[in-house]
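The values are calculated or read from the model by the stated rules, or taken from the named source; none is laboratory data. Every value quoted in this text rests on a predicted model; they were computed, and no experiment measured them. We place every Cβ from the backbone using ideal geometry, glycine too, and count neighbours over all the protein chains shown. Just so you know, the surface numbers come from the protein's heavy atoms only, side chains and all, with ligands and any DNA or RNA stripped out. Shrake-Rupley method; radii C 1.70, N 1.55, O 1.52, S 1.80 Å.
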Amino acid sequence: MDDGGFRQLARDALTEFSTRKVAQSDWDAFSNDLQYVPLSAGAAVLKAAVLEAERSFNVECRRLHYLSVPPNAALSAVRLLGEADLVDRSRVIMEKPFGTDLASAVLLNNKLHEVFDEERIFRIDHFLARKPRKTFSPSACQWFV
């Protein structure tokens, strides 16, 4: 996928799922800032894209890495952020599923702490409000619903 393909994917999702119509001029202004960098491009390409985007703001900014990826891709994405030196001034949001079971969630959490401090990690699980089940929820972790 390239930038154009990513923009089209985002536009299609917006058209299908948005509860309100987005004016073409608003979309054009927003989509000009969308870039796509695949994991396979590597740390140097990702870092260059982020630094280029940050320069366009003309102020120092903080980074928010929102990872809505399958459990088997989460650790690779987090490690890439570390290799690209994009952890400073940043937080990471890990969207569910966080692992595939308790053991994999604990392992992922431990590996995540090798890159991000706990106060920089936010976990989202949309299913926490459902019927109680065995789930990963150590008291030291921050969960958002």
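Some observations on this one:
- Yes/no for Thr19 being in a helix (DSSP H, G or I) and either surrounded by fewer than 16 Cβ atoms within 10 Å (Cβ to Cβ) or within 15 Å of the chain's Cα centre (by Cα) (or both): no
- Being out of contact with any Pro (no Cβ under 7 Å at 6 or more places or on another chain) and outside any helix (DSSP H, G or I) is a condition met by no residue of segment 4-14.
- The residue pairs whose first member lies in segment 46-68 and is at positive phi, whose second member is of a type in the set (Gly, Ala, Ser) and open to solvent by 40 Å² or more (accessible area, probe 1.4 Å), and whose beta carbons are closer than 7 Å, counting only pairs six or more residues apart or on different chains, do not exist in this structure.
- Of all residues making up segment 68-109, the number that are within 16 Å of Ala49 (Cβ to Cβ) and in a strand (DSSP E or B): 1
- Search result, residues across segment 28-44 that are within 17 Å of Ala84 (Cα to Cα) and either at pLDDT 95 or above or among the charged types (D, E, K, R) (or both): Ala43, Ala44
- Among the residues making up segment 54-84, those that are among the charged types (D, E, K, R) and either closer than 16 Å to Arg123 by Cβ or surrounded by 13 or more Cβ atoms within 10 Å (Cβ to Cβ) (or both) are Glu54, Arg63, Arg79, Glu83.
- Within segment 110-141, considering residues that are in a strand (DSSP E or B) and at pLDDT 85 or above, the one surrounded by the most Cβ atoms within 10 Å (Cβ to Cβ): Arg123
- Restricted to segment 89-109, and to residues there that are at pLDDT 90 or above and surrounded by fewer than 18 Cβ atoms within 10 Å (Cβ to Cβ), the residue that is farthest from Pro71 (Cα to Cα) is Arg89.
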